[in-house]
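Working notes, structure below.
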Amino acid sequence: MYCFKADLHIHTVLSPCGDLEMSPNAIVQRALEQQMDMIAITDHNSTRQAKVVRDIAQPLGLKVFCGAEVTTKEEAHCLALFDDDLALDQFQVYLDDHLPEVKNDPQNFGYQVAVDENEDIVFEEERLLISALDQSVDEIEQKVHQLGGLFIPAHVDKFKFSIIQQLGFLPPDLPVDALEISFRETEAHYKASNPYLKNYPFIQNSDAHMLEQIGTTYTCYYLEHRTLDEIRMALKQMNGRLIQNKDNCEK
């Protein structure tokens, strides 16, 4: 087993709320400076910037998972992570099919552009990416798992856009792979306040929208290899394989 530091919730310039400095090269450089071993690119309702970040990071030894932070019909944010390009492409089709036709207003919400490795704009999303899909949390979970991805409700401790805030509770029959809490909370405190969640694995990520936020909050995973399947096993086993914000991650 090896210890890997991971920040699995990072936005790019594609997200309307993402800082314009969040380019693929800048994200990779900052993640390396923060000694991250793994990151995930999770823009709002889009996967279109993730592959570029991954391709830049790969020769530098940084593992990048591709995915999205999806907004459900209930306006709950959930992470969807993939380790397979075919699955990722199919999920992008799904997002395109279910994102409503609400036009983005860059002056109010920010630009929504994807760039290449040279930071040249190659795509602009005209629909507002922070809109809710017309799909329920159950439907999105089923699609993510059908494609072999991880499904993780995001920042469940927050008072906005969390599944527990929106629904009032976590449905016991919803098969999640983990629950994410923000840097403002601790697993022990949150479980003490919500004892019905005591058997769920918890992770923490930065939810970075600016470069300086990357790697400030993370989880250490004890894995054989940096793959989604290994992370899935670590999440199932929990004890001893997940440690949040550990100062020293022994390799």
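Classification of the range 1-142 by its C-alpha gyration tensor yields an oblate form. The axis ratio a/c (a ≥ b ≥ c) is 1.5 or more, and b/c is at least a/b. Dividing the summed helix terms, -39500 (n - 2.57) for each DSSP H run of n ≥ 4, by the number of residues in the chain produces a 222 nm estimate of -7500 deg cm²/dmol to the nearest 500.
With a 10 Å cut-off between alpha carbons and a GNM built on the chain, which of GLY67, GLY240, GLY215 moves the most? Result: GLY240 has the largest fluctuation of those listed. Where both bridge residues fall in the range 94-248, DSSP classifies roughly 70% of the beta bridges as antiparallel. Each Lys or Arg adds one and each Asp or Glu takes one away; over the other residues whose Cβ falls under 13 Å from the Cβ of ILE56, this sums to 0.
Per-peptide packing, taken as the mean over residues of other Cβ atoms within 10 Å, places 157-170, 116-129 in the sequence 157-170, 116-129 from highest down.
Below 8 Å, C-alpha to C-alpha, sequence gap of six or more: please give me the relative contact order for the range 99-251 in percent. This gives 14 percent for the range 99-251.
Comparing GLN142, ILE163, ASN108 along the charge dipole axis of the range 60-194, the residue lying farthest to the positive side is ILE163, per the Cβ-charge model. Karplus-derived 3J(HN,Hα) values for the range 214-227, using 6.51 cos²θ - 1.76 cosθ + 1.60 with θ = phi - 60°, are 4, x, 6, 10, 7, 10, 8, 10, 9, 9, 7, 9, 8, 10 Hz; glycine and proline are entered as x.
Where the accessible area of the chain is counted over protein heavy atoms with a 1.4 Å probe, how much of it, in %, is carbon and sulfur? After summing per-atom areas, the C and S share lands at 49 percent.
Residues whose amide H falls under 5 Å from that of SER46, counting only those 5 or more places apart or on a different chain, are GLU69, with hydrogens built in the peptide plane.
Label the range 175-251 by shape, choosing from rounded, prolate and oblate, from the square roots a ≥ b ≥ c of the eigenvalues of the Cα gyration tensor; if a/c is under 1.5 it is rounded, and otherwise prolate applies when a/b is larger than b/c, oblate when it is not. Oblate.
Apply the a/c threshold of 1.5 to the C-alpha gyration tensor of the range 95-209 and tell me whether it is rounded, prolate or oblate. Prolate, since a/c reaches 1.5 and a/b exceeds b/c.
In the context of the full set of protein chains, the range 127-251 has a per residue accessible area of 48 Å² (1.4 Å probe). Which links in LYS5/LYS73; LYS5/LYS236; LYS51/LYS160; LYS103/LYS143 stretch past 22 Å when you go from one Cα to the other? Where the Cα-Cα span goes over 22 Å, the pairs concerned are LYS5/LYS73; LYS51/LYS160; LYS103/LYS143. For the pair the range 133-171 and the range 2-76, the centres of their Cα atoms are 19 angstrom apart.
The values are calculated or read from the model by the stated rules, or taken from the named source; none is laboratory data. Source: prediction; values computed, not measured. Glycine gets a Cβ as well: all are built from the backbone with ideal geometry, and neighbour counts include every protein chain shown. The accessibility values were calculated without ligands, DNA or RNA, using every heavy atom of the protein model including side chains. Shrake-Rupley method; radii C 1.70, N 1.55, O 1.52, S 1.80 Å.
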